[in-house]
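Below: the structure, in C-alpha cells.
Readers should treat all values here as calculations from the given coordinates under stated rules, not as data from a laboratory. Computed from a predicted model, the values in this text were never measured in an experiment. As a convention, Cβ positions derive from the backbone with ideal geometry for all residues, glycine included, and neighbour counts pool all protein chains shown.
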Amino acid sequence: MKILLYFARVYPTSSALMIGALLLAALADGIGMSAVVGLFSLAEDLPLSESEIESLEGGFQKQIFAFYGALGVQLTLQALLITIVCAMWLKAVLALLAKRQVGYSVARVATDLRIRLLDALMAARWGYYVHQPVGAVANAFATEPQRAGNAYLQISTLIALLLQIALYTALASLVSWQATLGSFVIAFSSLFLLRGLIGIARRAGAKQTRLLRSLLTRVSDTFQGLKPLKAMAREGRIAPILQDAILRLNRVAQKRVLSSEALAAAQEPLVVSCLALGAAIALFYMEMDWKTLTGLGLVLARVFFGLAKVQRRYQAFAANESAFWSLLDRIEEAELEVEPSSGGECPSFRHEIRLARVDVSYDGHAVLEDTSLEIPFGRITALVGPSGAGKTTISDLVIGLITPDRGEILVDDLPLSRIDTRAWRESIGYVPQELFLLNDSVLMNVTLGESSLGREQVEEALRKAGGWDFVSKLPEGMDSKVGERGARLSGGQRQRIAIARALVHEPCLLVLDEATTALDPATEASVWESLLQLQGQVTILAVSHQPKLARVADRVYRIEDGKARIEERSDSG
C-alpha cells in the first residue's frame with residue numbers, strides 16, 4: 001500500500017522496531033498454539049517411547065517431539081502446559097512492547113505532520129495565505145493529523161494480524177494442508193462478499209474530510225463576525241446554514257457506523273459457518289480423527305477470526321486514509337509556495353526608501369502603474385486615498401511581502417531584492433487594522449514569548465505607545481490577561497498593545513496599515529500624539545483612507561488610479 005511505503009520511508013527505524021516486536025509476539029503466540037495442538041492430539045498418550053514416536057503417522061506430531069528433543073526436554077503433559085503458559089506470558093510482554101511502539105509511532109506521526117504543516121505555512125509566501133480559509137487550516141491542524149495517525153494505527157495493527165495469520169496458517173498446514181487450503185477457499189469467498197462495506201466506509205471517510213473542512217471554515221468565519229451578527233439579531237440567519245452542514249456530517253458518520261457494524265455483525269456467523277463446513281469435510285471426507293480435528297480447529301479459528309479482524313481494520317483504515325492524503329496534499333502545496341530566497345546583504349536604512357516606477361497587478365488587474373515615491377528616514381509619510389487604490393500594496397512592497405511586476409524598491413539605493421528579507425523585516429514594526437492578540441497576558445502579547453525581551457523593554461515599549469498608564473493600573477499589571485482577541489480591553493488599549501509589540505524591537509521603520517481607522521477621533525488623536533513623540537527615532541509609514549492623517553504627516557502621497565501624487569503637507573499644530 002502506498003501509505004505503508006510512505007511511513008516505512010519516513011519512519012524506517014520506528015517501523016522496523018514495530019514490525020520486529022510484532023513478529024516476535026506472533027512467534028511466541030505460535031509456539032504456544034503449537035503446544036495447545038500437541039496437547040489435544042498427544043495428551044492421552046504421553047509420554048511416548050522412541051519406537052512409539054517413530055511409529056507416529058502425523059508429521060506435525062513428530063516435529064513437536066523433535067522440537068523438545070532439540071531442547072533436551074522429554075515431552076510430557078507437564079512440559080506442554082509449561083510451554084503454553086510461558087509462551088502466553090512471553091507473547092503478552094512482546095505484544096505490550098509492540099503496541100507501545102505502535103502508540104508512540106502514531107503519536108509521532110500526528111505530531112510530525114502538524115509540525116511539518118506549521119513549518120510549510122510559516123515558510124510560504126504571503127500571496128499563498130490570501131487564498132487559504134482559516135477554518136480549512138484549523139481543520140488541517142486539529143482533525144486531519146489525528147485521523148492520519150489513526151490510519152497508521154490501523155495499518156500497523158493489520159500488519160501484526162497478518163503476521164499472526166501467516167504463522168497460524170503454517171501451523172495448520174503442518175497438521176493438514178488439504179484441510180487448511182479448503183478452509184481458506186471457503187473463508188476468502190465469504191469475506192469477499194463483504195467487500196462492498198469497505199467501499200462504503202472509504203467513500204464516507206473521504207466525504208467526511210471534505211465536510212469537516214467546509215464546516216470548520218464556516219464556523220471560523222461566523223465566530224469572527226459574531227458581534228455584528230448579534231448586534232443586528234442576524235445570528236438566527238446563519239445558524240441554519242451551520243446546522244445543515246452539521247446534519248450532513250452526521251449522515252456521513254451514520255453511514256460509517258452502519259458499514260462498520262454491518263461488517264462486524266456479518267463476519268462472526270460467516271466465520272463459524274466456514275469452520276463448521278471445514279469440520280464436516282475433514283470428518284466425513286478426509287476421515288480425520290477428533291483429536292487432530294480439535295487441535296486443527298483451534299488454529300483455524302484463530303486464522304479465520306484474524307482474517308475478520310484484518311478486514312475490519314482495513315475498513316477503519318479506508319475511512320481515515322483520505323484525511324492523511326488531504327493533509328499531505330496541503331503540506332506539499334504549501335511547501336511548493338515557499339517564499340523565494342532573497343539576497344544576502346544586510347539592510348542599512350539611514351536615508352530613504354524609494355519606489356522606482358513600480359507596476360503591480362493582481363489577477364490581471366493593474367493596481368499600481370509606473371508608481372514612484374520616497375519615504376524619508378525619521379519622518380512620517382502618509383499614504384491616503386480611497387479603499388482599493390493600492391495603499392496597502394505599497395506597504396506590502398516596502399515590507400517585502402510581495403514583489404513588483406516591474407520596477408524596484410530601494411533602501412538607501414540598494415535594491416530590496418539584494419537585501420536579506422528576514423533581516424529587513426526584523427527591523428520593521430507593523431500594526432494592521434485587524435489586530436492580532438493572543439488570549440494571554442499583556443507581556444506575552446508584546447513579546448510573543450521571546451525570552452530575550454525583558455520586562456523593562458516591554459515597559460519602555462508600552463510607554464512609547466502611550467499604553468503604560470492603563471497597563472500599570474490593571475489588576476496584575478503587564479501579567480493581566482487581555483481575553484479572547486483582547487475582549488477585556490477597549491479598542492484604543494488594544495491598539496496601544498499592538499503598537500508596543502511593533503516597537504519593542506526598536507525598529508527603524510514602523511508601518512501602520514489602517515491602524516487607527518476603527519478608533520474614535522479622541523482615541524485616534526491620543527494615539528497619534530504618542531507616535532509623534534517618536535519622530536526622529538523611527539520612520540513611520542502610515543496607510544489610511546482618511547484625509548485627516550495629512551495633519552500629522554511630514555509627507556503625504558495620494559494614491560489614486562494606480563498612481564502616487566505628492567500633496568502639500570497640512571499644518572500639524
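What FRET efficiency comes out for the pair A265/S341, r = Cβ-Cβ distance, R0 = 45 Å, nearest 0.05? Working shown, then result.
Details: r = 58 Å, r/R0 = 1.29.
Computed FRET efficiency for A265 and S341 comes out at 0.20.
Give, as a single signed number, the net charge of other residues whose beta carbon lies under 9 Å from the beta carbon of K563, with Lys and Arg counted +1 and Asp and Glu -1. Net charge around K563: -2.
Give the shape of the stretch 352-567 as rounded, prolate or oblate, defined through the alpha-carbon gyration tensor: a ≥ b ≥ c are the square roots of its eigenvalues, a/c under 1.5 means rounded, and otherwise the shape is prolate if a/b is larger than b/c and oblate if not.
Details: a/c = 1.99, a/b = 1.68, b/c = 1.19.
Taking the square roots of the gyration eigenvalues as a ≥ b ≥ c, the stretch 352-567 is prolate.
Net charge in the neighbourhood of V10 (other residues with Cβ under 12 Å of its Cβ; Lys, Arg +1, Asp, Glu -1) is +2. As a rough guide to protection, the peptides 307-314, 6-13, 466-473 ranked by mean Cβ packing within 10 Å, highest first, stand as 307-314, 466-473, 6-13. Between S427 and F192, the FRET efficiency estimated from the beta carbon spacing at R0 = 51 angstrom works out to 0.15. Each DSSP beta bridge with both residues in the stretch 352-567 is either parallel or antiparallel, and the antiparallel ones are about 55%. With a simple spin-label model that places each label point 7 Å from the Cα along the Cα-to-Cβ direction, the separation between Q535 and D244 comes to 5.6 nm.
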